[in-house]
1. Which one of these is open to solvent by less than 10 Å² (accessible area, probe 1.4 Å) and closer than 20 Å to PHE600 by Cα: VAL505, VAL538?
2. Output yes when any residue across segment 808-821 is touching a Leu at 6+ places or on another chain (Cβ under 7 Å) and either assigned to a loop (DSSP other than H, G, I, E, B) or hydroxyl-bearing (Ser, Thr, Tyr) (or both), and no when none is.
3. Mind checking which residues of segment 802-838 are charged (D, E, K, R), under 22 Å from the mean Cα position of the chain (by Cα) and over 24 Å from VAL644 (Cα atoms)?
4. In a strand (DSSP E or B), among the β-branched types (Val, Ile, Thr) and surrounded by fewer than 18 Cβ atoms within 10 Å (Cβ to Cβ) - does that describe any residue in segment 429-445?
5. Return yes or no: is TYR721 modelled with pLDDT of 95 or more and touching a strand residue (DSSP E or B) at 6+ places or on another chain (Cβ under 6 Å)?
6. Got at least one residue in segment 560-577 being at pLDDT below 95, within 15 Å of ARG511 (Cα to Cα) and open to solvent by 20 Å² or more (accessible area, probe 1.4 Å)?
Amino acid sequence: METPQEPETLPPPPPIIPPDVEPETLPPPPPIIPPDVVPEVSKPKRVPMARRGTGSKGQRIQLLTNHFKVGVSSDAAAHFFHYSVKLFYEDGRPVDGKGIGRRVIDKVRETYDSDLAGKDFAYDGENSLFTVGSLLRNKMEFTVFLDNLSSNRANGGGSPGGNASPSENDNKRIKRAFHSKTFKVEISFAGKIPMQSIKAALCGQESENSQEAIRVLDIILRQHAAKQGCLLVRQSFFHNDPRSCVDLEGGVLGCRGFHSSFRVTQGGLSLNIDGSTTTIIQPGPLVDFLIGNQRVSNPFQIDWSKAKRTLKNLRIRVSPTNQEFKITGLSENPCKEQIFSLKSKSLKDENGGDEVIDITVYDYFVNHRRIDLRYSGDLPCINVGKPKRPTFFPVELCSLVPLQRYTKALSVIQRSKLVESSRQKPQEKMRILTDVMKSNNYGADPTLRSCGVTISSSFTKVDGRVLSAPRLKVGNGEDLFPRNARWTFNNKRFAEPTKIENWAVVNFSARCDIRGLCRDLCRIGEMKGIMVSPPEHVFEEDPQFRNAPPHIRVEKMFEQVQPRFPADPPHFLLSVFPDRKNSDIYGPWKRKNLAEFGIFNQCLCSPNRLSEMYITNVLMKINAKLGGLNTMLAGEQARNIPLVSKVPTIIFGMDVSHGSAGQSDVPSIAAVVSSRNWPLLSRYRASVHNQSPKLEMIDSLFKPVGTEDTGIIRELLLDFYRSSGQTKPAQIIIFRDGVSESQFNQVLNIELNQIIEACKFLDENWSPKFTVIVAQKNHHTKFFQTGSPDNVPPGTVVDSGVCHPKSNDFYLCAQAGMIGTTRPTHYHVLLDEIGFSADDLQELVHSLSYVYQRSTSAVSVVAPVRYAHLAATQVSLFMKYEDMSETSSSHGGVTSSGPTPVPELPLLHKNVCSSMFFC
């Protein structure tokens, strides 16, 4: 930005105050700007860059994609009119219950159709309603009555509590429970959105209006699904169809549905339809769900304190009335002992009114309602009332209604079953999506018709290109040519093998042939170029501690290890766990090794068979951790990668790991990995910090404390400088994972600014060039080969047709899709000061998918991003250990009320902090 010019003359002096005017009555004079002071000008905000061109390298291939072309009316005068909706009960209280809004608005449309000029609505279910063209008035008020509305009142369905009174009039009272409820509705004009803004967006001129117009179209689809009784989860819809569900055990079902969203692309507006999966509560008898959820065999083994947390806010249907209620809690006493007050019409008090008697819930249902209860008498009752006015039902009369989301964290077994059930081969996925388009019948939707929107039922054709796999280098300078994005180390040595010495084996009660494992490590290691000394010792866990808490087992094991290495700890530990999946010892063991002692370690589950492939895979991870390289790009060794090999360049991979579903108070973990030893692009290190829960932007990239910067970037830049021959990077390439389009500006104006500040803090005159790329896996675009049942070939890149009409983005399938349908990674180039051509950048990204040291195949996203995810996930287990350990209170607790204190992560030991410990 140009420096503002100095003013030629000073501003005129302030007027002289007349002597008869009190000075206090006049405003102070304007300040005079000295001629040598330049007014501070705010920095312009960065916005994502526009596309400079498309690539041309690679073999051309014609593809189909799950985008369906959308036609939009050319009526330039048409507008969406936005109205604000407010719902009230008869007494003026605002309606806060979810799900009622749609029924109320449907009733308004049915009752007052002529007052609303026969308009079709797009209603979001909450506060916004949209029409094509305006309503008759800017503000309207309506009163409607809903029949058969489920009631949470104490006397609903004759349930005990409040003033319920069993008598011969029970049937009348049950009918009264299905009373009509009065609602007041206010609809007020809030604004209008020109439909022409959609066409402007298709020309690359996106605005707030165009985003709002597309949002309206998405709301129309949500409304379309709601009318079919679907569960709505953002832009995904799930039908109540048992054929779409799979049992994940624990009372949880995996439910398959579909995702739909409108996308602005180079080919016009399109509707993106894809499969989607969520988890739901198993519907049916409530007690059956609890038995499955807690994995017990009968109702009397249920932990009811745990059940109370699990059942909170779930919806039930109560027999015999079939009314629906929301669970608010459990009774304090069993059904046979839980007393409530009941008005009895057969007994009169001294004033002639109905006498109030105390009765148990069990007695009421068995003797007054004549309902047989087989096992509920000794169990708590389900409370659907309010804190001061409870309403109780015996548990065996309660059934969970269908399509209720399960939001707790899944177990490892549940998650693997969910993933397995959601996999679909390309042809199967295409068939399912074709059926979804037919069954949805969007052409018959009156709201879509009224705004002139038509949706094709055919998959969109796009052009792709298949990039050649990069040539790799292994030991002895040999070339390695991947086939179908895969390779092997048969008769090959690692590119830079290391040594394994001063090491030991730790066995946590696993049934494993330890002697055979060590023998094979030495033998196969020598074949791969690694010199493996025999282990110094094998430590077996003391049997008396096998069932102790994880941190106790770890401490006891180290009590064995330390005396054997009195001078210095071992350089490396091979650790064998008995658990096949996610051992609870893993977190505390990693923390002890990496943070306290600086010991490299490799953990493995007790292997069933010690094959050469298995041992080679273990050796690859060990070699990378200890500083070696298994493969490298031929281009990085020959220093001929365009724009990167000739100019000092550092590559960052950035990711944030959040707590699992249902863990809203667990701190998030931010990890940044960086390349080192330039001109190499295959060796990385990581820096990991924690931050506030669910915070996606990394807040510790630059962290000045006094005269020091304690942020993440400083240590990575200094490491690059030391490992790259005292060279500062002139170029910085940033790969950012896990952010949505709405956060791109924050990446450019918050995170990038922090990185620039960190550079300036080290050297005020240092101004490296930046390229910022976001890698997205969480999207719904898929590609299919025309006339082939196979996945698209590895190396397939698409930068036209379904990409953004203006922004610089492309899709890349670097991996060979072996299972299910390949999910491409969507790369968005937000900034490119380095000046890559489309071909050079796409080839660099493709090549970086081949430098992942843990595998012998290309990975679906660039290795720096995968490493950042690994580092964040591994260190997050340190936090789990802190939560479980007895000393967690001394490190600062985590609470859900008020600002969440974030306990400090333990620092990695200096021996391992610059390593690829995460491999």
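The values are calculated or read from the model by the stated rules, or taken from the named source; none is laboratory data. Keep in mind it's a predicted model, so treat the numbers as computed, not measured. Neighbour counts are summed over all protein chains in view; Cβ atoms, including those assigned to glycine, are modelled from backbone coordinates with ideal geometry. All accessible areas refer to the heavy atoms of the entire protein, side chains included, with ligands and DNA or RNA removed. Shrake-Rupley method; radii C 1.70, N 1.55, O 1.52, S 1.80 Å.
1. Unique residue meeting the criteria: VAL505.
2. No, every residue in segment 808-821 fails to be touching a Leu at 6+ places or on another chain (Cβ under 7 Å) and either assigned to a loop (DSSP other than H, G, I, E, B) or hydroxyl-bearing (Ser, Thr, Tyr) (or both).
3. ARG823
4. Within segment 429-445, none of the residues are in a strand (DSSP E or B), among the β-branched types (Val, Ile, Thr) and surrounded by fewer than 18 Cβ atoms within 10 Å (Cβ to Cβ).
5. No.
6. Looking through segment 560-577, none of the residues is at pLDDT below 95, within 15 Å of ARG511 (Cα to Cα) and open to solvent by 20 Å² or more (accessible area, probe 1.4 Å).
Listed here are the residues, each with its yes/no results for (1) buried (at least 22 other Cβ atoms within 10 Å of the Cβ); (2) β-branched (Val, Ile, Thr); (3) over 30 Å from VAL466 (Cα atoms).
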| position | (1), (2), (3) |
| --- | --- |
| LYS703 | no, no, yes |
| GLU715 | no, no, yes |
| LEU718 | no, no, yes |
| GLY738 | no, no, no |
| ILE750 | no, yes, yes |
| TRP766 | no, no, yes |
| PHE783 | yes, no, no |
| PRO793 | no, no, no |
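Let's see how each residue does on (1) farther than 24 Å from SER915 by Cβ; (2) free of Cβ contacts under 8 Å to residues at least 24 places away in the same chain:
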{"site": "SER682", "(1), (2)": "no, no"}
{"site": "GLN691", "(1), (2)": "no, no"}
{"site": "LEU695", "(1), (2)": "yes, no"}
{"site": "THR710", "(1), (2)": "no, yes"}
{"site": "ARG722", "(1), (2)": "no, yes"}
{"site": "GLN731", "(1), (2)": "yes, no"}
{"site": "PHE744", "(1), (2)": "yes, no"}
{"site": "ILE756", "(1), (2)": "yes, yes"}
